[in-house]
Amino acid sequence: MRRAASTSEPPRRLALAALAAIALAAGCTREEPVRMERLYVFGTLADVEIRGAEPAQSSAALAEVSTLLTQRQAEWHAWEPSDLTRINAALAAGESAVAPASVVELIARSRPLAQASEGLFDPAVGGLVAAWGFHTSTFPVLTAPPGEAWLQQWREARPRLDQVRVDGDVVSSSNPAVQLDFGAIAEGLASETILEVLARHGVRHALVSLGGDIVALGDGNGRPWRVGLQDPFGGALGSVQLDDHEALFSTGNYNKFRESPTGARWGHVLDPRTGRPARGAAAVMVLHRDPVRADAGATALFVAGPSGFERTTRRLGLGCVLMVTEENEMLVTTAMAARVELLRNPVSLGPPLDLGPACDVGAPAVAD
């Protein structure tokens, strides 16, 4: 497995390129050393900006982060040879497989979120993701989509995470159609672990972007980090401030997609209910202190679409959410509306959903 490649950059503000999530903190209130690093992992870019740490401190932290991401790629990659592809091959054959601790943790962290989202987020649909050609780093996807007969067979088999059993470090499933793909939660868990690594090395201020999904540690120049929101219709939609240990996760139809026969854009997020690309939402942004919940929540809400916005937001306990629909309409919670500075105003689909002033409104629901 390739080691995560890295490049260091001179002391200047790091442009977190993916999702146009550019750090926008204005002005300086203190002089401090800055270290930027770009890693290539998970088929995407991981950007790390560290402020206020000594060079040796930053180097040691970044070396451990690079090693960690390399190990996670070898364990989690959904289509290149990895522990996960080995596990999936065993499940397809009706066999069990020994899993590394990180995969066991992914399963455990996914279970309550899959249940709370009513299966809109479900890591067991990896076979469906592969069939639509989204097990790739090259977009747009140009391969033929799965036929209706295949989709009907998949819907009848309907692999679900609750069909996955874990006994210690052994994973098995009662359904051979189960294929695990943690693309909708892996960056969240990796981000969480990266912040732990940085803190352990004494780093107090950092901004981390994995494929454009961002987590913040401390602040930037004495002020909250300010990052951009990509407009699914092009350019920047606006910006939002991130406080210490807050995460901003987004998903949309703008980067990873394929075109329908009519020329419409089909995003990479698939609806497990239909077996087809989710429709209705063009972009979803979730701000939360738990990057794992933010990551899975963005996917679940994209699948839910405008009609399921309120129910899914409430069930997942997400206080700060913004959705832009395919019709250039907007749904937003009151807490997110208070945090976001928009550069344009999509058509509102009603007043903001009032779930209180906090981004964290409680644990995911486990029952109606």
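The values are calculated or read from the model by the stated rules, or taken from the named source; none is laboratory data. Given the structure is predicted, the values throughout are model-derived calculations rather than measurements. All Cβ positions, glycine included, derive from the backbone under ideal geometry; neighbour counts span all protein chains shown. Note: areas computed on protein heavy atoms with side chains; ligands, DNA, RNA excluded. Shrake-Rupley method; radii C 1.70, N 1.55, O 1.52, S 1.80 Å.
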Residue list for segment 34-58, restricted to those being outside any strand (DSSP E or B) and free of Cβ contacts under 8 Å to residues at least 24 places away in the same chain: GLU54, PRO55, ALA56
Residues of segment 33-50 that turn out to be open to solvent by 20 Å² or more (accessible area, probe 1.4 Å) and over 17 Å from the mean Cα position of the chain (by Cα), as a count: 4
ARG279 vs. criteria open to solvent by 10 Å² or more (accessible area, probe 1.4 Å), of a type outside the set (Ser, Thr, Tyr), more than 24 Å from VAL125 (Cβ to Cβ) and within 19 Å of the chain's Cα centre (by Cα): no
Boolean, ASP354 is of a type in the set (Asp, Glu) and in contact with a His (Cβ under 9 Å, 6 or more places away or on another chain): no
Residue count, segment 85-129 (criterion: charged (D, E, K, R), assigned to a helix (DSSP H, G or I) and either in contact (Cβ under 8 Å) with a residue 60 or more places away in the chain or open to solvent by less than 20 Å² (accessible area, probe 1.4 Å) (or both)): 2
GLU329, sole failed condition from (1) touching a helix residue (DSSP H, G or I) at 6+ places or on another chain (Cβ under 6 Å); (2) free of Cβ contacts under 8 Å to residues at least 40 places away in the same chain: (1)
Yes/no for ALA130 being modelled with pLDDT of 95 or more and closer than 22 Å to LEU45 by Cα: yes
Complete set of residues in segment 252-268 that are hydrophobic (A, V, I, L, M, F, W, C) and surrounded by 19 or more Cβ atoms within 10 Å (Cβ to Cβ): PHE257, TRP266
Subset of segment 252-279 (residues that are assigned to a strand (DSSP E or B) and at pLDDT below 95): GLY252, PHE257, ARG258, GLU259, ARG265, TRP266, GLY267
Number of the exception - GLN241 against (1) open to solvent by less than 40 Å² (accessible area, probe 1.4 Å); (2) within 25 Å of ALA206 (Cβ to Cβ): (1)
Hits in segment 90-122 - residues which are touching a strand residue (DSSP E or B) at 6+ places or on another chain (Cβ under 9 Å) and farther than 23 Å from ARG273 by Cβ: ALA90, GLY94, GLU95, SER96, ALA97, VAL98, ALA99, VAL103, VAL104, ALA108
Top-ranked residue of segment 102-123 - restricted to ones that are more than 14 Å from the chain's Cα centre (by Cα) and aliphatic (A, V, I, L, M), ranked as nearest to THR313 (Cα to Cα): ALA116
For SER59: the one exception among (1) open to solvent by less than 10 Å² (accessible area, probe 1.4 Å); (2) farther than 25 Å from LEU161 by Cα: (1)
Some residue of segment 66-79 being at pLDDT below 95, more than 26 Å from ASP295 (Cβ to Cβ) and open to solvent by less than 50 Å² (accessible area, probe 1.4 Å): no
